[in-house]
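The values are calculated or read from the model by the stated rules, or taken from the named source; none is laboratory data. Quantities reported herein were computed from a predicted structural model and do not represent experimental measurements. Neighbour counts run over all protein chains shown; Cβ positions are idealised from the backbone, glycine included.
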Amino acid sequence: MKNIQTGILKILALTCTILCSSLVNANDVNYLLKHADSLYTKKQYTQSFELYQSLYKDGRYSPAMLLKMAFIQEGLGQISLSLYYLNLYYLASGDSQVLNKLQELASKNKLEGYEHSEMNQVMFTLKKYSLYISGLLAAMVLFLLAIIYRQRKKETRPISAGILTTIMLVILALHVNFSFEPTSGIIAESNTYLMSGPSAGANVIALVGEGHKIKIKDKKDVWLKVEWLDKDAYIKENQVMKVQL
């Protein structure tokens, strides 16, 4: 009995420690964010960006914060970083109005990869609501299974329900495993070589500047296989800022 009580007390103490640590953490984050916002309001952009960046690296961000980071970098003339944070803002918020800003900056600086079609918007929407769609499909499968079970109890062959269940399971599997939007990245360095293969000895396809947006198709060692002007190319991973949250 004494051992059980001791165990319960240890669990309670550990729980309290975790909760207190979480509260302290949250308070620290809120303080840093408020301080960064205060610096931003005072137009102390460099200092505010440093705080925003530290929060982002810790996985603490909001769409508003990412938008401010993009604005700061644009003001500093860092167009590639501005485009990077605008892309992250779009991922976090789904605000389609930012697409015009992205295309405007890209066009002004003659950058490739920022074309956005209606199909891209559809794919982004499907990705955004992917979890809800999966839940709906799963619910439909369970409903059909219930119908099959009921028909079997009545000794009726559930042919139609069985076919529909199979179709729904295939759709669910495809939906869960389908990548709606390939990972993209923004070239981070000027004078970056795009190679024909994942090797420094491969042929040079192009010498490009920073800021161009590329689709990432695969990875091999330190090389990323990307799409550049509808052709496959390879670029070193450390020369790309991946657009992902």
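Before we move on, is Leu91 surrounded by 10 or more Cβ atoms within 10 Å (Cβ to Cβ) and either at pLDDT 95 or above or out of contact with any strand residue (DSSP E or B) (no Cβ under 9 Å at 6 or more places or on another chain) (or both)?
Here the answer is no, as Leu91 does not meet what is asked.
Can you work out which of the residues in segment 209-236 that are of a type in the set (Lys, Arg) and at pLDDT 95 or above is farthest from the chain's Cα centre (by Cα)?
Selected residue: Lys236.
Given the options Ala202, Ala138, Ala188, Ala206, name the one that is modelled with pLDDT of 90 or more, under 28 Å from Ser93 (Cβ atoms) and not charged (D, E, K, R).
Ala188
Consider Leu126 carefully, then state whether it is in contact with a helix residue (DSSP H, G or I) (Cβ under 6 Å, 6 or more places away or on another chain), at pLDDT below 85 and closer than 30 Å to Leu91 by Cα.
no
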**OP:** Considering only segment 210-226, state which residues are free of Cβ contacts under 8 Å to residues at least 24 places away in the same chain and under 17 Å from Glu112 (Cα atoms).
**Re:** none
**OP:** Give the residue that is surrounded by the most Cβ atoms within 10 Å (Cβ to Cβ), with candidates limited to residues of segment 94-113 that are more than 16 Å from Leu67 (Cα to Cα) and of a type in the set (A, V, I, L, M).
**Re:** Leu111
Subject >> Any chance Lys213 is basic (Lys, Arg), at negative phi and surrounded by 13 or more Cβ atoms within 10 Å (Cβ to Cβ) >> reply: yes
Original post:
Does Leu32 satisfy the criteria of being buried (at least 18 other Cβ atoms within 10 Å of the Cβ), assigned by TED's automatic domain parsing to the domain that holds Ser93, at pLDDT 75 or above and touching a helix residue (DSSP H, G or I) at 6+ places or on another chain (Cβ under 6 Å)?
Top reply: no
**OP:** Enumerate the pairs (first residue in segment 155-171 and without any contact (Cβ under 8 Å) to a residue 12 or more places away in the chain; second residue anywhere and not charged (D, E, K, R)) with beta-carbon separation below 7 Å, excluding pairs fewer than 6 apart on the same chain, so at least 6 apart or on different chains.
**Re:** Pro158/Ile147; Pro158/Ile148; Pro158/Gln151
Original post:
Is it the case that segment 228-239 has a residue that's farther than 22 Å from Ser82 by Cβ, in contact with a Ser or Thr (Cβ under 9 Å, 6 or more places away or on another chain) and charged (D, E, K, R)?
Top reply: yes
Subject >> Pair list, Cβ < 6 Å and 6+ apart or interchain, from segment 36-47 residues that are within 12 Å of Met69 (Cβ to Cβ) to residues that are surrounded by 10 or more Cβ atoms within 10 Å (Cβ to Cβ) >> reply: Ala36/Ser48; Ala36/Leu51; Ala36/Tyr52; Tyr40/Ser48; Tyr40/Lys68; Tyr45/Ile72
